[in-house]
1. For residues that are within 8 Å of chain B (Cβ to nearest Cβ) and touching a Pro at 6+ places or on another chain (Cβ under 9 Å), scanning just region A:104-125, find the one that is most open to solvent (accessible area, probe 1.4 Å).
2. Please verify whether region B:13-30 includes one or more residues that are surrounded by 17 or more Cβ atoms within 10 Å (Cβ to Cβ), facing another protein chain (nearest Cβ under 10 Å) and assigned to a loop (DSSP other than H, G, I, E, B).
3. Going residue by residue through region B:35-51, is there one that turns out to be charged (D, E, K, R), under 15 Å from the mean Cα position of the chain (by Cα) and more than 9 Å from chain A (Cβ to nearest Cβ)?
4. Among (1) within 20 Å of the chain's Cα centre (by Cα); (2) modelled with pLDDT of 95 or more, which single condition is A:Gly133 missing?
5. Looking at this structure, is B:Pro110 within 14 Å of another protein chain (Cβ to nearest Cβ), open to solvent by 40 Å² or more (accessible area, probe 1.4 Å) and closer than 17 Å to A:Arg137 by Cα?
6. Give the residues of region A:185-214 that are open to solvent by less than 10 Å² (accessible area, probe 1.4 Å) and either under 28 Å from A:Pro18 (Cα atoms) or of a type in the set (A, V, I, L, M) (or both), sorted by residue number.
7. Pull out all pairs, ordered by first then second residue, where Cβ-Cβ is under 6 Å, the residues are six or more apart or on different chains, the first lies in region A:15-32 and is farther than 12 Å from A:Gly207 by Cα, and the second is among the β-branched types (Val, Ile, Thr) and surrounded by 23 or more Cβ atoms within 10 Å (Cβ to Cβ).
8. Is region A:223-234 home to any residue that is without any contact (Cβ under 8 Å) to a residue 40 or more places away in the chain and either at negative phi or in the same structural domain as A:Ile80 (by TED's automatic domain parsing) (or both)?
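The values are calculated or read from the model by the stated rules, or taken from the named source; none is laboratory data. Please read these numbers as outputs of a predicted model, since none were measured by experiment. Positions of Cβ are generated from backbone atoms using ideal geometry, with glycine treated the same way; all protein chains shown enter the neighbour counts. Heads up: the accessible areas ignore ligands, DNA and RNA and are worked out on the full protein's heavy atoms, side chains in. Shrake-Rupley method; radii C 1.70, N 1.55, O 1.52, S 1.80 Å.
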Amino acid sequence: MSAAIVGARETEMVGVIPDKSAIELHAEAARAALADAGLTKDDIDGVLCAGQSPVAVAEYLGITPTYIDGTSVGGCSFMIHVRHAAAAIAAGLCTTALVTHGESGRSRVGMGGFGQSPQMLGSQFESPYGVAGPPTRFTLPFLRHMHEYGTTHEQLASVAVATRRWAETNPRAMMREPITVDDVLNSRIIAYPFHLLECCLVTDGGGALVVVSAERAKDFPKKPVYVLGTGESSEHSMISQMHDFTESRAFKVSGASAFAEAGIERSDIDHAMFYDAFAHTPMFALEALGFVGKGESGPFFEEMRTAPGGDFPLNTNGGGLSYTHTGMYGMFAIQESVRQLRGEAANQLPGVRTSIAHGVGGMFHAAGTLILTNDERA
Amino acid sequence: MPKRPLPQPTPETQEFWDGARRHELRLQRCNACGRAYFFPRPFCPRCASDDVGWFTASGKARLYSYVISHRPAPGFKDDVPYVIAVVELEEGPRMMTNIVGVEPKPENLPIDLPLQVTWERQSDEITLPLFEPSGGAP
């Protein structure tokens, strides 16, 4: 255990923020996280971010860093940033690292384009077939999972229902109306077998973290959150080339690395955040990270074990499905893990000692995993 | 026929697209480990050998997984719903395609459905490999 998160904040608003650009959302979150840690921008010597260049974010904030990391592999980039920050601090490349996210995913203020050269591999071998962004690519593996394991439409819908139940009691969540499995299955089909309520939100917002060495962790105002285990991996850049449509190899490698480093068992995890871009994503995470056997996630969700009152509290902020999803949601998963470990969450669980935040990048393209604890003896 | 965003071949992929224009599904096989692979590159992604060569695949495949898109990509507005699929070729590799020649309904599209390549000309340079049920439409 070498590093700790000592500052963590989201933008004041999440959801619809038409009066702020993407880089300003980075900066707003960064300034809030610095205040949370009792620091100023002049204390920061490491800058890590995705979406925007770390050069641009450092310039915008007035920071001259000794370490920059622009790893930008989708929504799990921030799990990977925390991992890289811990390594950089241990190696003496910086002492106080700032990880930022800001995205105007809904209002599209100050966002770069998605334009791609027709010579890119995805443009040659996927775009001609009418894929329209994540809803028609990320979703492609799931019918294979249904076929191999008998996973049902109702089980997929149950993920959205369980997640909404957490959002119902989180005042910051965008979607708080109670929903049933029938409501999900009666919502508009986006890309069969996925319905609207099985797809994440599209919102504006940001979040930021301050990471320092574990030795310094108690020198800050808030209860430290220690980085116990970390992992990252990548698999493919085109979903059609995913090795096995019933499991994510990147998830397995990243998760196994995090547990090996942490030196704890799956049963030691008190709270989990699994990136839910679509309802099947946390199913794949539950299996790949070893919490259930292969093909067993469907019944697990159908039994509402991840919902309030269940034995596996998951996505307690309401997730990307109901809380917020700016585009690269992973930062918000980490923020909720930190809140639960500090005792600051809207849906605070009793006695949380360990939390896992697992992110996906792109369409199962990449993965990043953090196992966090508030126990300094861990 | 949808107005599709068309690929622009690179030196490494040119043979695949030249073959498609001739209605030949061109893949590469590694002479060291014997495995066929896709997408094109001048070395084997499994064993890293650069002793690889092109061959023409049978065009037979099975339906590995799919979605039925109700959310059209630009150029596909008049074509919804349509099937975006990943097929597993008889020779092993998988590729994205569309399933045509069948009503886009789940009951017509069981997983592992046998398929056969069919060709759709887009321009002087580009012809796309699409797939249809090998027994014809049910």
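1. So the residue we want is A:Gln119.
2. The answer is yes, given that some residue of region B:13-30 is surrounded by 17 or more Cβ atoms within 10 Å (Cβ to Cβ), facing another protein chain (nearest Cβ under 10 Å) and assigned to a loop (DSSP other than H, G, I, E, B).
3. Within region B:35-51, not a single residue is charged (D, E, K, R), under 15 Å from the mean Cα position of the chain (by Cα) and more than 9 Å from chain A (Cβ to nearest Cβ).
4. (2)
5. no
6. A:Ala191, A:Glu198, A:Thr203, A:Asp204, A:Gly205, A:Gly206, A:Gly207, A:Ala208, A:Leu209, A:Val210, A:Val211, A:Val212
7. As it stands, the answer is A:Gly15/A:Thr203, since those pairs meet every condition given.
8. Within region A:223-234 (the criterion being without any contact (Cβ under 8 Å) to a residue 40 or more places away in the chain and either at negative phi or in the same structural domain as A:Ile80 (by TED's automatic domain parsing) (or both)), the answer is no, since none of the residues qualifies.
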